[in-house]
Structures are given as structure tokens and as C-alpha cells.
Protein chains: 2
Amino acid sequence: MELPALSDIQSAHRRIIPFIHRTPVLTSRLLDSIAGCEMFFKCENFQKVGAFKFRGATNAVLSLTDDQKKAGVVTHSSGNHAAALALAAGMNGIRAFIVMPENAPSVKKDAVAGYGALITFCKPTLQAREETCRNIMETEGATLVHPYDNFGVICGQGTASLELLEEINDLDVVIAPVGGGGLMSGTSTCVKGISRKTVVIGAEPLNANDAWKSFTTGILTPSVNPLTIADGLLTSLSELTFSIIRKNVDDIFTVSEESIISAMKLVWERMKIIIEPSSATVFAVVMENRQFFRGKRTGLIISGGNVDLKKLPF
Amino acid sequence: MELPALSDIQSAHRRIIPFIHRTPVLTSRLLDSIAGCEMFFKCENFQKVGAFKFRGATNAVLSLTDDQKKAGVVTHSSGNHAAALALAAGMNGIRAFIVMPENAPSVKKDAVAGYGALITFCKPTLQAREETCRNIMETEGATLVHPYDNFGVICGQGTASLELLEEINDLDVVIAPVGGGGLMSGTSTCVKGISRKTVVIGAEPLNANDAWKSFTTGILTPSVNPLTIADGLLTSLSELTFSIIRKNVDDIFTVSEESIISAMKLVWERMKIIIEPSSATVFAVVMENRQFFRGKRTGLIISGGNVDLKKLPF
């Protein structure tokens, strides 16, 4: 199994630069004084489609051969990756087939359809999604772009940290959320490639702590029916992302649902930016571990800002 | 009555620079394509205390004589100006007396108290507020810093546009919200001082359209019991702000409550930034007047981001 290197992330960055937003790194003296450390928020909530996922999807699409580009790409997802792949493919004149459960929220269906993707609905089970996906691969010759178990996707996700470290020197710690591990894999590969001594921490909801379990025991242990408000972090690590995380991540910290919600509220109220619950996990980690972070220059990967304003937890 | 000139705003800017945030000018290709024009959002929601009010309050405080500084400042307000004056005074070692109605939301009381101001509560009537304020002026010798009917405050508010026009050339239009007219006075003085041909528009809720009425009839006509979600725009013009607005503003456009709410929602969802209803009026003006703004380079003063997350209109 080939693990990505810093140079792969640097190549990915050169490839995707014309398509992505270079997102800002924001700071807040007020939150710094509350948290007791110096924080640098890399704001992927301002990325296209509202999430870092656009980086990985774009890199995956641009890394296809010409023949693959002609046939198109396919994925099964109802979240940010589906929208990201739809837009990345559309911007490059490539067909995107998106397999979605028939009960997906209409706002997500509309977003994906709005980017010009071809949606195939299926029953809301993993089996049905994988089967439908395989059918499209066979009949259309489309290439699967998995949301995180994919070399090109992982390298694309790592480019957020590349920009963060270009802009901010001497970070003591970098924190990113862990779901399937694509962002965490890219982030940790990038950070350790640039600065061995920078500590890399994964942020995970206690209620979906498969990465923490796997990391602690050394045995890949998928989540069973995880239930958390951080709906971007319900997925479990793959063999590939687990291998990268074992190699490059220093520790994984879990946070309670209450912490996630109050961290999210604090960022909304004080920084005046909209971040989704999955992104709030990283700030929640800081707030739950004051002693660990005290005085440290801390980079936080804010993964996205897609929330349903009708279903806010506060 | 002395009206401020561009040079007064430039002096104010030099005076307050060490204390204020230089807020970013944000753009959104998505919102541009929805609105059909090129928009530049000057984001005072990222200003200290979450609103442009900190500029005016800081300039007023720094413009005091040494004797005045010793005696302190006083104002009656339950909104952003109270917090702004409390912080501006506190940062400069000056006492701030804030008169607030006893029924003010506790979150606002706490904010003002947190900045170290001395709060005096009174009955929730304008008469009681003014009387209490006068008492403090007499007994403490404190200088009144009115939220908008004040030369120094107006000059401070104008510095947001100064930064906007420094950064963005050749704006066809600049829009700012109108409440008591402090921001509008500073904005219009600044913009017309720099670029005579740039059109200056005031944005006002239809349900609190005293500025529109006064501007249209030429007779100062205060609002009677205005009721709008844009709670920063309930106040009416003063003689001073009306004179400045008559001289420098090209037109005032009113917007419905529905427009304000949907404009606010669109900015939250697409730009991922938190703006308050009063600020949403400027984008609502663009959305309600597509033909007028088509293709124009438009500057929008986003006045603040203080919202109660428990009372969202969507």
C-alpha cells in the first residue's frame, strides 16, 4: 500500500490552484484569551461548496487519464463529497454520477443536481449504495472516486495544511477533525513532512470514536451506528487512512456533544463565521484540554460551513 | 452647524488605527452571479464588539480634552453603541457611564459590564433615559457621547468607507444602512469626498422609513413606533445627520422585512458569515433593485454581526 508523501501534496496543490479558493487564516484575540493559546483558523468553510472536500475531489478529477475523463466519475455520498465531486467534474467538462439514498434531504439533492451531476437514487442502505455504484462503473466505465479511501483525494485534502503552514510559521500543534480519515491523512502527511516537531492531533466526537479506538488499540475498529451532531464524521477509517494516521498522527482527542455545540456557538458568536458541527470538534478539543494547549501556537483546520439553518442545536 | 469633511474622517482614521481592527473586504462570486453585479462587502461584523460602532466611539473618546477624559463619558443606549463606548473608554483608562433600561436583555448588560463600564438602570422610556443621563453629566461631569448626533462619532463611522475605498477602486455605488444616520453621514461624506461620481445609497427598512420620508419631503420626520427585525435601525435622524445626508446621499431605498430576512439567510448560507438584520438591509436593497445595480461595482457596508442565536428569523 503506497502512502502519500509531502511531494504528492505539493503536486496536488499545483494541480488544483486554478480551481480552488485560497481560504483565509483567521485569528481572534477574544477566543485566544478564552482558550489560553494562540489559534490560527484555516477556514475551509469559505472553500467552494463550503468544505475542504472540493480540494480532494478536484485533485482526483484532474489526476484521471484522458480515457477516464471521457467516461466520467462516480461516487456514493449524500454529503459534501458528492457536491464537491459534482462541481469539480462539472468545471472540467467531466460527467459525474452521484449515487444518493432516496431519502436524502432535498437541499442536498438540489445542490448536486445544480452542479450538473447525474443522480441515481437507491435504497438507503450501504449495500444498495455500493451495488448501484458498481453497476454504474460497469455500464458507464466511470471511475470510482471514494470520499476518503483514495490516494488523490487524500493528497488534495492535505493542501489546506500546506497553505496554512506557508502562511503561519512555527506552529506547535495542528488539529483536524477525523471521520473517514481523508482530511486527517492529508493534514498529518503534510504537517509532518514540513515540520517533524509540530504535534498533529485528530479531533473526534466521543460518540463516533472509531479512530480513537483504532489508534489506541492498533486494530482497525469501525464504528457501529455512531450518533453525533458532527454528521460529517460518522464514517470510519479505511485501511489506507488508518495506516497513514498511525504513522503521522501524534494523538486523537475525543469530545462530547455538549462541547461540540458550545464550541460551535462560541465561534459563531465571537468570530461571526458559520462553521458546521464537524468543524467545531477541533475548537472543542482545545476547550476541553486547556492545559495541553496553554500558550501553544495552534493551527485548526475548519473543515466546512454547511449547516441547515432550520436545525440548529442552540 | 458644522458638517464634517473628508479630512475630518482621515484625521479620525489616523487617531483610531491603533485600536480598531482593519476589517476585511469579502467577495462572493456565487452571490455576484445571483445578484447580477460585482459586490464588495466591508465586513464590520468582524470589528471589535461586533459592529462599526467601535470606530465612532473610539474617535469620540480620543478626541476628548484631558479634563474631559478625567471625568469620563456617558451615553444612554442598550445596543452596540453602549458596548462600543464601554470598550473604547476602558481601553483608554476612561470611566464610561452607561444608562440602560432595566428591561435590557441580560446578554447586553453582561457585555457592557464585562468591558468595565458603570451601568445605571432606569425605566424603559426615552424620558427616563435622558433624565438619568443628564443627572450623571451634572453629578460626574461626564461628557455625553451620543450614538450618532455627534461630530466625532460620525467621523469615526466614516473610516470604514475610507478603508473600503483605499482597497477597492472605481466603485460605482456604495450602500450603507440608515438608522440614526451616523454611519450614513460618515459614509457619504467619505465617499463623496473621495469620488464625487460614486453613487451613495441608504438602505432602510420600509417599516422604519423615517430617513426615506425626510429625504423625500425635505422635512425631518421622525419614525413613530417603528417595528422591524433590523433592530439597529429603529432610531430616527437628527438635525445634524439629516443635513449631512441631504447634502451627500443620492437616494434612500427601502426594503421589506421579507427581503431583509432572505438576504440575511443568503449571506449566512453562501458566504458563511454572520451578519445582523440591520446589515442585511444593504444586500436586500441590491436584491430588490436588480436593474439599478446590474453590472455595477457595488460596495456594501456590513455594519455588524450581533444576533441572538436563540431568536433567528429562519
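What is the number of the single condition among (1) within 13 Å of chain A (Cβ to nearest Cβ); (2) without any contact (Cβ under 8 Å) to a residue 40 or more places away in the chain; (3) of a type outside the set (D, E, K, R); (4) buried (at least 24 other Cβ atoms within 10 Å of the Cβ) that residue B:309 does not meet?
So the condition that residue B:309 fails would be (4).
So if I check each of B:117, B:88, B:104, which one is of a type in the set (A, V, I, L, M, F, W, C), touching a residue at least 40 places away in the same chain (Cβ under 8 Å) and not assigned by TED's automatic domain parsing to the domain that holds residue B:286?
Of B:117, B:88, B:104, the one residue that is of a type in the set (A, V, I, L, M, F, W, C), touching a residue at least 40 places away in the same chain (Cβ under 8 Å) and not assigned by TED's automatic domain parsing to the domain that holds residue B:286 is B:88.
Under 9 Å by Cβ, and 6 or more places apart or on different chains, what pairs join a residue from the range B:5-25 that is closer than 12 Å to residue B:166 by Cβ with one that is assigned to a strand (DSSP E or B) and among the basic types (Lys, Arg)?
Within 9 Å, the pairs are B:25/B:42.
Limited to the range B:208-249, what total is found for residues that are of a type in the set (Gly, Ala, Ser) and without any contact (Cβ under 8 Å) to a residue 12 or more places away in the chain?
0
Do we find that residue A:259 is crowded, with 16+ Cβ neighbours inside 10 Å, within 13 Å of chain B (Cβ to nearest Cβ) and of a type in the set (S, T, N, Q) in this structure?
no
Of all residues in the range A:263-303 being facing chain B (nearest Cβ under 9 Å) and closer than 21 Å to residue A:178 by Cα, which is surrounded by the most Cβ atoms within 10 Å (Cβ to Cβ)?
Going through the qualifying residues, I end up with A:275.
Check every one of the helices (runs of 4 or more DSSP H) wholly within the range A:68-170 and list those with 2 or more residues that are within 24 Å of residue A:184 (Cβ to Cβ) and within 19 Å of the chain's Cα centre (by Cα).
Hits in the range A:68-170: A:80-91, A:151-157, A:159-167.
To keep it simple, each residue is scored yes or no on (1) at pLDDT 95 or above; (2) in contact with a Leu (Cβ under 6 Å, 6 or more places away or on another chain).
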| position | (1), (2) |
| --- | --- |
| A:190 | yes, yes |
| A:196 | yes, no |
| A:216 | yes, no |
| A:219 | yes, no |
| A:224 | no, no |
| A:229 | yes, no |
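Those residues that are away from chain B (no Cβ under 14 Å), crowded, with 24+ Cβ neighbours inside 10 Å, of a type outside the set (Val, Ile, Thr) and touching a strand residue (DSSP E or B) at 6+ places or on another chain (Cβ under 7 Å), I need them from the range A:42-76; list them, please.
Residue satisfying the conditions is A:76 alone.
When you scan the range A:171-195, how many residues do you find that are within 21 Å of residue A:55 (Cβ to Cβ) and in a loop (DSSP other than H, G, I, E, B)?
Qualifying residue count, the range A:171-195: 6.
Within the range B:196-311, which helices (runs of 4 or more DSSP H) (wholly inside it) include 2 or more residues that are more than 19 Å from the chain's Cα centre (by Cα) and within 22 Å of residue B:26 (Cβ to Cβ)?
B:257-271, B:277-288, B:290-293
Looking only at residues that are among the aliphatic types (A, V, I, L, M) and under 12 Å from residue B:242 (Cβ atoms) in the range B:177-229, which one is surrounded by the most Cβ atoms within 10 Å (Cβ to Cβ)?
The extreme case among them is B:178.
Determine, yes or no, whether residue A:227 is farther than 22 Å from residue A:32 by Cβ and within 12 Å of chain B (Cβ to nearest Cβ).
The answer is no for residue A:227.
Give the residues of the range B:57-67 that are of a type in the set (Gly, Ala, Ser) and in a loop (DSSP other than H, G, I, E, B), sorted by residue number.
B:63
Look through B:22, B:15 and report the one residue that is in contact with a helix residue (DSSP H, G or I) (Cβ under 7 Å, 6 or more places away or on another chain), modelled with pLDDT of 95 or more and part of a helix (DSSP H, G or I).
Every option except B:15 fails the conditions.
The values are calculated or read from the model by the stated rules, or taken from the named source; none is laboratory data. Keep in mind that this is a model prediction, so the values were computed, not measured. Cβ coordinates were reconstructed from backbone atoms using ideal geometry, including for glycine residues, and neighbour counts include every protein chain displayed.
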